[in-house]
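Single-structure report; data block below.
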Ligand SMILES: *Cc1c(COP(=O)(O)O)cnc(C)c1O
């Protein structure tokens, strides 16, 4: 296919901005509270405020913290505020990053390098819960640190009875989540931290999603287990500003108990022809606008504002939890204590992925989880306004699926059901990679999860397996 040409002559800004508005016509309806992941939205006024702050520094670059003192000041203040919220000590320090994934990647790099330098560890491993965010698996792949997975107990908690057996002298870090993304359960951080402390192994808490809401839930009187720097063994925490901090996209933090740890995150190359180079994080150019928006938004809400958001979120979560438990055939998965939850089916006649399809027909955008199968909801204050409608639609969706069991064999339910249950996971990986890569074919490609024109051998095997499972083969 031939490529697009850059317009020969520049176009009028007003026309271009209209184009941008038009592009969004098929995007998820997050402003109406229809989307249950990806976006943390309050209202247009808040977005405009963050955008204005962003705009003031959109050209500023945090690459060299010595150059833009404005940005270094904002970074220092953001980290200091977070250190307070997360009950850090006087030495708690950190870096603003571009997102949760960057923060997680950095923790793995830091502890791998620390173990290498201090103890000569050459074949590093890290012990992480099976429910750890995918960013940790990405980090494992990128940095060559073997993940050892703490399994889930039957009731979907991280099983720490194997923690001792799974660590050895090559273990560079232990991870806990507050909360984990799949079910919203807070890991047993105090127990894990005590163990880590006794062995001298660093422990990171992934509070990317919880870091800007759990502290305020606690202030609101909700009883949560200790999960932050109050736990002595916790050496670092990641917390995203662009999730429950409601900052513009592109802002997260990683905090360390002290500078001796943070130093292992830093990169220096002294012989580059371009000059001596030092960098605190993963990116080179660091987006000043994201810092300014994050700083501004923290100032805008203050403790009161965040407590109010946390209160409204908790109310929406309670409405959803009791609504879901009240629907015959559904149950909450795990032990959600924060703003996230997932639910599955207890009724063999109710395929949860078919329920998800029905919800989408009713205009909701939902995520599917697996092992066990479920529907996910990342709840914000905004969802308080739609929670009752969601539960009403969910109850109807369940009845529709119960009355039409064949819905489990069509549409998304068939695809996701197949993906979740194919025993040869490598087949799923290959197929997903192919489909995903197709979106990046020159010219934009397409996203089509349907049957490929000429099924490959793994696909034919997969089709057979699905047939067999659905009792037709
Ligand atoms: C969202 C999330 C991340 C990754 O953050 P991004 O900002 O999406 O890169 C990591 N850990 C947890 C628990 C998360 O919820």
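The values are calculated or read from the model by the stated rules, or taken from the named source; none is laboratory data. Keep in mind it's a predicted model, so treat the numbers as computed, not measured. Cβ atoms come from the backbone with ideal geometry, glycine included; neighbour counts cover every protein chain shown.
Looking at region 293-302, can you tell me whether even one residue there is more than 20 Å from residue 383 (Cβ to Cβ), in the same structural domain as residue 102 (by TED's automatic domain parsing), modelled with pLDDT under 95 and not in a loop (DSSP other than H, G, I, E, B)? No, because not a single residue in region 293-302 is more than 20 Å from residue 383 (Cβ to Cβ), in the same structural domain as residue 102 (by TED's automatic domain parsing), modelled with pLDDT under 95 and not in a loop (DSSP other than H, G, I, E, B).
To keep it simple, each residue is scored yes or no on (1) crowded, with 22+ Cβ neighbours inside 10 Å; (2) under 30 Å from residue 217 (Cα atoms).
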site	(1), (2)
53	yes, yes
73	no, yes
83	yes, yes
92	yes, yes
104	yes, yes
122	no, no
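Scan region 317-335 residue by residue and report those that are in a strand (DSSP E or B) and surrounded by 14 or more Cβ atoms within 10 Å (Cβ to Cβ). 330, 332, listed by residue number.
Going residue by residue through region 424-435, is there one that turns out to be touching a residue at least 40 places away in the same chain (Cβ under 8 Å), touching a helix residue (DSSP H, G or I) at 6+ places or on another chain (Cβ under 7 Å) and in the same structural domain as residue 344 (by TED's automatic domain parsing)? Scanning region 424-435 turns up no residue that is touching a residue at least 40 places away in the same chain (Cβ under 8 Å), touching a helix residue (DSSP H, G or I) at 6+ places or on another chain (Cβ under 7 Å) and in the same structural domain as residue 344 (by TED's automatic domain parsing).
For beta carbons closer than 8 Å, sequence separation of 6+ or different chains, a first residue in region 178-189 that is on the phi > 0 side of the Ramachandran plot and a second that is within 11 Å of the ligand (Cβ to nearest atom) and outside any loop (DSSP other than H, G, I, E, B), the qualifying pairs are 184/340.
Can you run down the residue pairs with Cβ atoms below 6 Å, 6 or more apart or on separate chains, where the first is in region 88-111 and in the same structural domain as residue 206 (by TED's automatic domain parsing) and within 17 Å of residue 286 (Cβ to Cβ) and the partner is away from the ligand (no atom under 16 Å from the Cβ) and part of a loop (DSSP other than H, G, I, E, B)? Every condition considered, the pairs that remain are 95/280.
Where helices (runs of 4 or more DSSP H) fall wholly inside region 59-147, the ranges with 1 or more residues that are within 13 Å of the ligand (Cβ to nearest atom), out of contact with any helix residue (DSSP H, G or I) (no Cβ under 8 Å at 6 or more places or on another chain) and at negative phi are 100-119, 134-143. Counting only residues that are more than 16 Å from residue 337 (Cβ to Cβ) and either within 16 Å of the ligand (Cβ to nearest atom) or under 19 Å from the mean Cα position of the chain (by Cα) (or both), region 170-191 holds 3 of them. Screening residue 354 against (1) farther than 16 Å from residue 33 by Cβ; (2) in a loop (DSSP other than H, G, I, E, B) leaves a single unmet condition, (2).
For (1) assigned by TED's automatic domain parsing to the domain that holds residue 124; (2) crowded, with 24+ Cβ neighbours inside 10 Å; (3) farther than 30 Å from residue 119 by Cα, each residue gets a yes or a no:
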| position | (1), (2), (3) |
| --- | --- |
| 205 | yes, yes, no |
| 222 | yes, no, yes |
| 239 | yes, yes, no |
| 269 | yes, no, no |
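Being assigned by TED's automatic domain parsing to the domain that holds residue 213 and within 23 Å of residue 48 (Cα to Cα) is true for just one of 275, 250, 284. Which residue is that? The conditions single out 250.
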